[in-house]
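**Student:** Input: one structure, supplied below.
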Amino acid sequence: METKISIPKRIGLIFLGLVQVTLALFAFLDLWARPAEDVRGKKPFWIPVILINWVGPLAYFGLSTRPRR
């Protein structure tokens, strides 16, 4: 039996996927551009964390970054 996903649900899933990828991309760009002293913990630690869907990028922005000087 084949399960069909309606067009609105497909569009919603695609949108959520794009948001997640964009959030991770911005987290990686911020990690690359931010000085090491403005990141809590070591920069290499945050690379695999950011790869965790939704939670990783949000944790990076919420927990790791210090205000820019």
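Only the coordinates and a few stated rules stand behind these numbers; no lab work does. Computed from a predicted structure; not experimentally measured.
**Student:** What list of ³J(HN,Hα) couplings, whole Hz, do you get for segment 42-52 from phi and the Karplus terms 6.51, -1.76, 1.60, once you set θ to phi - 60° and write x for glycine and proline?
**Tutor:** 7, 4, x, 4, 7, 4, x, 5, 4, 6, 6
**Student:** Got a sec to turn the phi values of segment 8-21 into Karplus ³J(HN,Hα) couplings, 6.51 cos²θ - 1.76 cosθ + 1.60 with θ = phi - 60°, whole Hz, x for Gly and Pro?
**Tutor:** x, 5, 4, 4, x, 5, 5, 4, 4, x, 5, 5, 5, 5
**Student:** Distance between the C-alpha centers of segment 20-34 and segment 46-69? Whole Å please.
**Tutor:** Result: 8 Å between the Cα centres.
**Student:** Moving on. Say we join alpha carbon atoms closer than 10 Å with springs in a Gaussian network model of the chain; which of Ala27, Ala36, Ala59 then has the biggest fluctuation?
**Tutor:** Ala36
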